[in-house]
Amino acid sequence: MIVLGIDPGSRTTGYGVVRAEGNHLTHIDNGGIQPKAGLSLPQRLRAIHDHLASLISTFHPEIVALEDIFVANNARSAMALGHARGIAMLAADQAGLEVSSYTPSQVKLAVVGFGGATKQQIQEMTRMMLKLPEVPQEDAADALAVALCHCQSAGFAHRVKQAEGKR
């Protein structure tokens, strides 16, 4: 299973592509989508959409794992984040892909084992879990962590389904 993890943002949208085969996880790609400075919000959103559509076309993920919006103090920032999240969902839907969402706490718990983990802990654990030569950039590490969270959740759901079938 190939998973495209996305950490949405209107300034930088992180992405991470991971392959899960049983318990084996393989890093495929990661990075940050940063629309050019000075673009209007609609132009930034289009750039994010186009880049995500290109990633989907290139890597052919089976599912998109998306981080839920955290509660922000700034309503304007929360709205921009919501727009970027909506664009990610649109790109996935246009490709016929299912979208799974995870809260920041779920992601941190799955990857670090602690729902209050720091950005640095997430970066280091994604590096270790995927055997990366260097620590990924912050937004990319968050996106990889979302993909890893989905891989663990999907594996758990599969084991539960198998156990229910044995009853």
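The values are calculated or read from the model by the stated rules, or taken from the named source; none is laboratory data. Because the structure is predicted, anything quoted here is derived from the model rather than measured. Positions of Cβ are backbone-derived with ideal geometry, glycine not excepted, and every protein chain shown enters the neighbour counts. Keep in mind that these areas ignore ligands, DNA and RNA; they rest on the heavy atoms of the full protein, side chains included. Shrake-Rupley method; radii C 1.70, N 1.55, O 1.52, S 1.80 Å.
With a 1.4 Å probe and all protein chains kept in place, how do Thr103, Thr58, Thr12 rank by accessible area, largest first?
Descending order: Thr58, Thr103, Thr12.
Can you give the Kirkwood hydrodynamic radius for the chain, in Å, rounded to one decimal and based on Cα pairs?
16.0
Could you compute how much accessible surface Arg19 exposes when probed at 1.4 Å, giving the result in Å² to the nearest 10?
90
Which of Gln152, Gly38, Ser10 sits closest to the plus end of the dipole of the chain, meaning its Cα is farthest towards the positive end, when Lys and Arg get +1 and Asp and Glu get -1 on the C-beta?
Gln152
Give the accessible area for Ile28 in Å² (nearest 10); use a 1.4 Å probe, count only protein heavy atoms, and leave out ligands, DNA and RNA.
In the full protein context, Ile28 sits at about 50 Å².
Out of the total accessible area of the range 1-124 (probe 1.4 Å, heavy atoms of protein only), what percent is carbon and sulfur?
Heavy-atom surface of the range 1-124 belonging to carbon and sulfur, 1.4 Å probe: 52 percent.
Using the Cβ atoms and a cut-off under 14 Å, what net charge is assigned to the surroundings of Gln106, where Lys and Arg are +1 and Asp and Glu are -1?
Its environment carries a net charge of -3.
Probe of 1.4 angstrom, ligands and nucleic acids ignored: what's the accessible area per residue over the chain, in square angstrom?
With all protein chains present, the chain gives 54 Å² per residue.
Return the aspartates and glutamates within reach of Lys131: Cα separation strictly under 15 angstrom, same-chain partners fewer than 8 residues apart disregarded; answer none if there are no such residues.
Asp29
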